[in-house]
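The values are calculated or read from the model by the stated rules, or taken from the named source; none is laboratory data. As the structure is a prediction and not an experimental result, all values here were calculated from the model. All Cβ positions, even for glycine, are placed from backbone atoms using ideal geometry, and neighbour counts span all protein chains on display. With ligands, DNA and RNA removed, areas are computed over all heavy atoms of the protein, side chains included. Shrake-Rupley method; radii C 1.70, N 1.55, O 1.52, S 1.80 Å.
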Amino acid sequence: MEEFRQAAVPGVSRNTGYAGNVNQRVTELADVADQKVTRIEIGINELDRVMGGGIVPGSVILIGGDPGIGKSTLLLQVLAGLMGRLECLYVSGEESLQQINMRAKRLRLNVGALRCLTETSVEQILAVAEKEKPGLIVIDSIQTLYSEQVQSAPGSVSQVRESAAGLVRYAKQMNCAMVLIGHVTKDGSLAGPRILEHMVDAVLYFQSDEGSRYRVIRAFKNRFGAVNELGVFAMTGQGLKEVSNPSAIFLSGHSEPAAGSVITVIREGTRPILLELQALVDESHLANPRRVTIGLDHSRLSMLLAVLHRHGGVSLGDQDVFANVVGGMKITETGSDLPLILAILSSFRERILSRKTVVFGEVGLSGEVRPVYNGEERLKEAAGLGFSHAIIARANQPRQPIEGMSIAAVSNLDEAIAAAF
Ligand code: TYD
Ligand code: MG
C-alpha cells in the first residue's frame, strides 16, 4: 500500500457554465503546417532501423531490459556514435564517473568529450540541463531518480512516474531528445511498472535468452516509426557488436542441414522467438521404448506419437524418441506440436526439412492442425530473419501475403507431412 496525497487541481472550480471561459481554439488538420521530421542517425544500423531511422529531436525513448543485459553499454556506444554531431548529456544515477570512464576505456570508445553527470534528483538534473542545453539526455536509470515533489522512495511507482513526467515535460518544452533506461523485473514488466509506456514516444526492449551472448532489441511502441522491427547484437569483450545475419544465431551451429531438426516460432511473453527443435528416433532395445523430452512437455510427446500413429500411419512403438529444444529454452505452448511431429518424422525417415522453413501449429487428437494466436506476427518475425517458407494451420493463413514468404496452409497431419517432405 502506498499513500498518495491528492493535489488540488488549479483552475478547476465547481460548474459555473461552460462557455464563460474559452481560451482554446479547435484547428482543422488541413490548417496544420507540415513539419519535416529530421532524424539524427545514430550510426548503429541495427538500432537505427528499430527506431525508424534515428532519433527524433524532442522525442522520449524508453529502453527497457533485464539488469546486466547491456543497456548502459549500448547507450555509451550510442553516445560515442553521436559525438561531435549532437550535444549529449549522460546522467548516471547508478555508476560513478570512474566506472563510466572505465567502461569507455574498456570499450575503446572515443568519448573523452562526453559530458557526464552523476545525480539522482530530477530537479537538479533539469537545472543542469537547462544551463547546458544538450540535444540529447540519457538517463541511466529512471528507477534511481527521485523528485523532490514526491515523498516516497526512489524506484516506487509514484517516484518513477513523477520523475518521468518531469523529464518528458522538459523534453517537449526544450525540444531535447531523451533516452530513459529502465530495468525490467523478473516477470518482464518494466519495474515501476509499465506505467511509463504511455508517457513516452517510443518503447524499446532489450532482451536475450539466458546465458546467450546475443541480444535482441525490439520496438514495442514507436510514435515515429513501425514496430516489429528487430535489431540483433552480440555481447563481446569490446561491447556490443551488430549481428547482420541474425537468423544464423538461431541455428544450432552446424552449417549442413540435418535430419530431425525443425525451426519453429514460439511466443514468449509479448514477443515471438525462433527456436530449433530436434528429435532423434532410434531403434530401441528396451521393452518400454524411451520417450525423453528436454524443454518440452513429456506427456504431450506421448500424445503426439499416438496421433502420428493413428493419423499419420507411422508407428514408433519399437523406437526410442528423444526431443530437445536447442539453446536450453522451455516451450510451454501448443504451437510446437506440428514442428515436433515433423522433426520426429524427419529423423525417423532420414528426410531433411529445408533450412528456410518454419513450422508452427497445434495438433489435435483427431489429427487436425489448429491455429495458434498471433500467427501473422510469427510469420513476419520469421520472414524478417530470412525464412522463406512456412507450414502452418489453414486458419493462421494471413489475409495479406507476407513478402518473401511462401506459405503452405494445412488442415491436417497428412497435408502437413506432404508439404514438409
Ligand atoms: P551493462 O551495460 O552494465 O548492463 P545494464 O546497464 O543493462 O545493467 O552490461 C553489463 C554486462 O555486460 C556485464 O555483466 C558484463 C558485460 N559486458 C561484456 O561482456 N563486454 C563488455 O565489453 C562490457 C562493457 C560489458
Ligand atoms: Mg546499467
Legend entry - Hey, Ser315 of a type in the set (Gly, Ala, Ser), surrounded by fewer than 17 Cβ atoms within 10 Å (Cβ to Cβ), in a loop (DSSP other than H, G, I, E, B) and over 21 Å from the mean Cα position of the chain (by Cα) or not: yes
Legend entry - the stretch 93-108, subset surrounded by 15 or more Cβ atoms within 10 Å (Cβ to Cβ) and assigned to a loop (DSSP other than H, G, I, E, B), residue farthest from ligand 1 (Cβ to nearest atom): Gly93
Legend entry - Residues (open to solvent by 30 Å² or more (accessible area, probe 1.4 Å) and within 16 Å of ligand 2 (Cβ to nearest atom)) located in the stretch 61-92: Asp66, Pro67, Gly68, Gln77
Inset, instruction - Scan the stretch 388-402 for residues that are open to solvent by less than 20 Å² (accessible area, probe 1.4 Å) and small (Gly, Ala, Ser) and jot them down. - result: Ala390, Ala393
Inset, instruction - Tally the residues that are open to solvent by 60 Å² or more (accessible area, probe 1.4 Å), out of contact with any Ser or Thr (no Cβ under 6 Å at 6 or more places or on another chain), of a type outside the set (A, V, I, L, M, F, W, C) and over 13 Å from Gly312 (Cα atoms), restricting the search to the stretch 352-370. - result: 2
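Evaluate the following for Ala383: is it open to solvent by 60 Å² or more (accessible area, probe 1.4 Å) and in a helix (DSSP H, G or I)?
Here the answer is no, as Ala383 does not meet what is asked.
Could you tell me which residue of the stretch 31-47 is farthest from ligand 2 (Cβ to nearest atom), considering only residues that are open to solvent by 10 Å² or more (accessible area, probe 1.4 Å) and under 20 Å from the mean Cα position of the chain (by Cα)?
Asn45
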Inset, instruction - Please specify each residue of the stretch 201-230 satisfying the condition of being β-branched (Val, Ile, Thr) and in a strand (DSSP E or B). - result: Val203, Val216, Ile217
Inset, instruction - Tell me which residues, restricted to the stretch 323-351, are surrounded by fewer than 16 Cβ atoms within 10 Å (Cβ to Cβ) and modelled with pLDDT of 90 or more. - result: Arg349, Glu350, Arg351
Inset, instruction - Filter the stretch 119-171 for residues that are over 24 Å from the mean Cα position of the chain (by Cα) and within 16 Å of ligand 2 (Cβ to nearest atom) and give the result. - result: Glu119, Thr120, Leu145, Pro154
